[in-house]
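See below for the structure under consideration.
The values are calculated or read from the model by the stated rules, or taken from the named source; none is laboratory data. Note that the coordinates shown come from a computational prediction; the quantities given were computed from them, not determined experimentally. No Cβ is skipped: glycine too gets one built from the backbone with ideal geometry, and neighbour counts run over all protein chains shown. Ligands, DNA and RNA are stripped out before the accessible areas are found, and what is left, the full protein with its side chains, is counted by its heavy atoms. Shrake-Rupley method; radii C 1.70, N 1.55, O 1.52, S 1.80 Å.
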Amino acid sequence: MNSVAERFILSVRFEALDNFIITNQTQIKNILKEYISYYNYKRPHQGIEQNIPNKYLPMKNGKITKLPILSGLHHHYYRKVA
């Protein structure tokens, strides 16, 4: 389990924390809260064949919309229901 924890910590560091100038503890909590939500519900993982852990099923019809995450550092693309 140590390797799993280390990989997650590296992901948080490289994909979120290294891109901000941290000024206080509240800012860190907000960044981590948003990143963990993105990591678990929207980000594809290579270890599970580019799937998302909570079994997100993309829609086949509708307009493609972009959702900025972490002030536009990452984006989630999804189809909006008509």
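Structure notes:
- Candidate set: region 34-77, residues that are within 18 Å of Phe14 (Cβ to Cβ) and open to solvent by 90 Å² or more (accessible area, probe 1.4 Å); chosen: the one modelled with the lowest pLDDT: Gln46
- Number of the exception - Thr23 against (1) hydroxyl-bearing (Ser, Thr, Tyr); (2) over 18 Å from Arg7 (Cα atoms); (3) under 16 Å from the mean Cα position of the chain (by Cα): (3)
- Listed by first and then second residue, the pairs with beta-carbon distance under 7 Å, at least 6 apart or on different chains, first residue in region 32-54 and touching a residue at least 24 places away in the same chain (Cβ under 8 Å), second open to solvent by less than 60 Å² (accessible area, probe 1.4 Å) and of a type in the set (A, V, I, L, M, F, W, C), are Glu34/Ile69; Glu34/Leu70; Tyr35/Val12; Tyr35/Ala16; Tyr35/Leu70; Tyr38/Ile69; Lys42/Ile52; Arg43/Ile52.
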